[in-house]
Amino acid sequence: MKNLEVHYGGIRAVKGIDLEVAEGELVTLIGANGAGKTSTLKAICRLIASRANALSYAGEDISHSQVHELPRKGLVMVPEGRGIFPQLTVEENLAMGAYARGGAGNTDKQFATFPRLKERRTQVAGTLSGGEQQMLAIARALMGDPKLLLLDEPSMGLAPMMVARIFEVVREIAARGVTILLVEQNARLALELAHRGYVMESGEISLSGKASELLDNPRVREAYLGEDAV
């Protein structure tokens, strides 16, 4: 994306940012609440209106694409708050993920990644624990066989053990060659996992670079890792 802007009325929430994710990369976007991270992801998915000189995906300008067209192109998002269908079963939620891509999908592959979901395949999704719902949201996205997966705060509200499992799964997905853009408030986990990172503050990109370099950056360590700057 180049010069991406998002406005809410008179408020300029995203202020002309440039951001790039190369094929096969895992890139993270970190920042405080209200920095504009979720707005950026929603703009990529065309869920909210944006202004951009270029919003390009796999060499195609998608600045004016319709929301429903993007999953069929391989661009899929797991939203903050999971966005599952609470009245549908686990299997029915997964079927919806495949439907968005226009196919039947393969639940066996997802059940191999998430054995707990297989145990609960006929259970109504709204009765799952928070961690199980997050697993379901990711599995549903994977049913669409994404080329680019956008993850918005996958660890939010989860117990530490479940956070570790979710990040393990994200690592596995990246190892399969799926390109990932990860928005995450747990900056340390995100940067330890990512190839590159961007730091967003007040709607602007304030820092970017290799994830390892950002982990060592005194400003990042103080503001996002809870460490004193040296």
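The numbers here are math on the coordinates, done by the rules we state, and not lab data. Note that the coordinates shown come from a computational prediction; the quantities given were computed from them, not determined experimentally. Cβ placement follows ideal geometry from the backbone for every residue including glycine, while neighbour counts extend to all protein chains displayed.
Things worth noting here:
- Sorting 32-39, 183-190 by their mean Cβ neighbour count within 10 Å, with the most densely packed peptide first, gives 183-190, 32-39.
- For the pair Met161 and His195, a Förster radius of 30 Å applied to the C-beta separation gives a FRET efficiency near 0.70, rounded to the nearest 0.05.
- In the elastic network of the chain, a GNM with C-alpha springs shorter than 10 Å, the most mobile of Glu172, Glu201, Glu91 is Glu172.
- Charge tally in the Cβ shell below 11 Å around Met200, where Lys, Arg are +1 and Asp, Glu are -1, Met200 excluded: 0
- Lys, Arg +1 and Asp, Glu -1 on Cβ, resulting dipole of the stretch 93-212 about Cα centre, debye, nearest 20: 420
- With a cut-off of 14 Å on the backbone N, the residues of the stretch 22-55 near the modelled label site 7 Å out from Lys15 along Cα-Cβ are 35-37.
- Degrees, to the nearest 10: 90-101 long Cα axis against longest axis of the chain: 60
- Under the convention that each Lys and Arg Cβ holds +1 and each Asp and Glu Cβ holds -1, the size of the dipole of the stretch 23-86 around its Cα centre is about 260 debye.
- At R0 = 35 Å, FRET efficiency that the Cβ-Cβ distance of Asp216 and Asn3 yields, to 0.05: 0.75
- If R0 equals 25 Å, the separation of the Cβ atoms of His68 and Arg121 corresponds to a calculated FRET efficiency of about 0.40.
- Listed residue (Phe111, Thr40, Met156) projecting farthest to the positive dipole end of the chain, Cβ model: Phe111
- Cα extents of the chain along the three principal axes, largest first (Å): 50, 41, 32
- Rg and Dmax [Cα atoms of the stretch 80-180; Å; Rg one decimal, Dmax integer]: 12.4, 36
- Between Arg120, Arg82, Arg101, the Gaussian network model of the chain with springs among Cα atoms under 10 angstrom shows the greatest mean-square fluctuation at Arg120.
- Placing +1 on the Cβ of every Lys and Arg and -1 on the Cβ of every Asp and Glu, with no other charges, gives the chain a dipole of roughly 520 debye about its Cα centre.
- Over all other residues within a Cβ to Cβ distance under 14 Å of Gly74, the charged ones net out to +1, with Lys and Arg as +1 and Asp and Glu as -1.
- Pairs from Lys37/Lys210; Lys118/Lys210; Lys42/Lys147; Lys15/Lys109; Lys2/Lys73 whose Cα-Cα separation, in the structure shown, is over 29 Å: Lys118/Lys210; Lys15/Lys109
- Residue exposure sequence - Asp108, Asp216, Asp145, Asp152 - by fewest surrounding Cβ within 10 Å: Asp108, Asp216, Asp145, Asp152
- Residues whose placed amide H lies under 5 Å from that of Met77, excluding near-sequence neighbours: Leu150
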